[in-house]
1. Give the residue, chosen from 81, 116, that is in contact with a strand residue (DSSP E or B) (Cβ under 7 Å, 6 or more places away or on another chain), surrounded by fewer than 20 Cβ atoms within 10 Å (Cβ to Cβ) and either in a loop (DSSP other than H, G, I, E, B) or at positive phi (or both).
2. Looking at the range 45-76, which of its residues are within 14 Å of residue 142 (Cα to Cα) and either in a strand (DSSP E or B) or under 8 Å from the mean Cα position of the chain (by Cα) (or both)?
3. Residue check, residue 67 against (1) farther than 19 Å from residue 126 by Cβ; (2) touching a strand residue (DSSP E or B) at 6+ places or on another chain (Cβ under 9 Å), all met but one. Which one?
4. Could you count how many residues in the range 23-44 are assigned to a loop (DSSP other than H, G, I, E, B) and either in contact (Cβ under 8 Å) with a residue 12 or more places away in the chain or in contact with a strand residue (DSSP E or B) (Cβ under 6 Å, 6 or more places away or on another chain) (or both)?
5. Quick one: count up the residues across the range 24-43 that are closer than 16 Å to residue 154 by Cβ, crowded, with 18+ Cβ neighbours inside 10 Å and modelled with pLDDT under 95.
6. Determine whether residue 153 is surrounded by 13 or more Cβ atoms within 10 Å (Cβ to Cβ) and closer than 19 Å to residue 53 by Cα.
7. Pick out the one residue from 75, 70, 61 that is surrounded by 12 or more Cβ atoms within 10 Å (Cβ to Cβ) and over 24 Å from residue 117 (Cβ atoms).
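The values are calculated or read from the model by the stated rules, or taken from the named source; none is laboratory data. Treat the numbers as computed from the prediction; the structure is a model and nothing was measured. Reconstructed Cβ throughout: ideal geometry from the backbone, glycine too, with neighbour counts over all protein chains shown.
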């Protein structure tokens, strides 16, 4: 709707003056970052994508040159979670320059000294502190952390 405060001339075309709410807002971008040892950012991205892909644009990265994804994929399969459409990349090759939420899933993810993308909110987790219990336990911790994240940022 056009208000008097919009200062639109009477002979203006509709496409010449885009309205304030004509474009759909883009989804907030969430980047999960891990050290690559256990592939935890891949697990977190898969869980988040399965729960809230319509609300968030989900990405994952790792600080090491390679990410070990075989065991993470096996853990995800046990819970029927897919990694389809999720491509983990080394942080050094990340093309995102800004993310709304940078979620470091373990402390080693931010201790690498590599430059991070700009971010709106930094969310530190340590879902790997019980990694000796196995990746299924880590995946359960990831799920619990994502549920908490969604309760804070989605349902407020």
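1. 116
2. Scanning the range 45-76 gives 45, 48, 60.
3. (1)
4. 8
5. Result for the range 24-43: 0.
6. In short, yes.
7. 75
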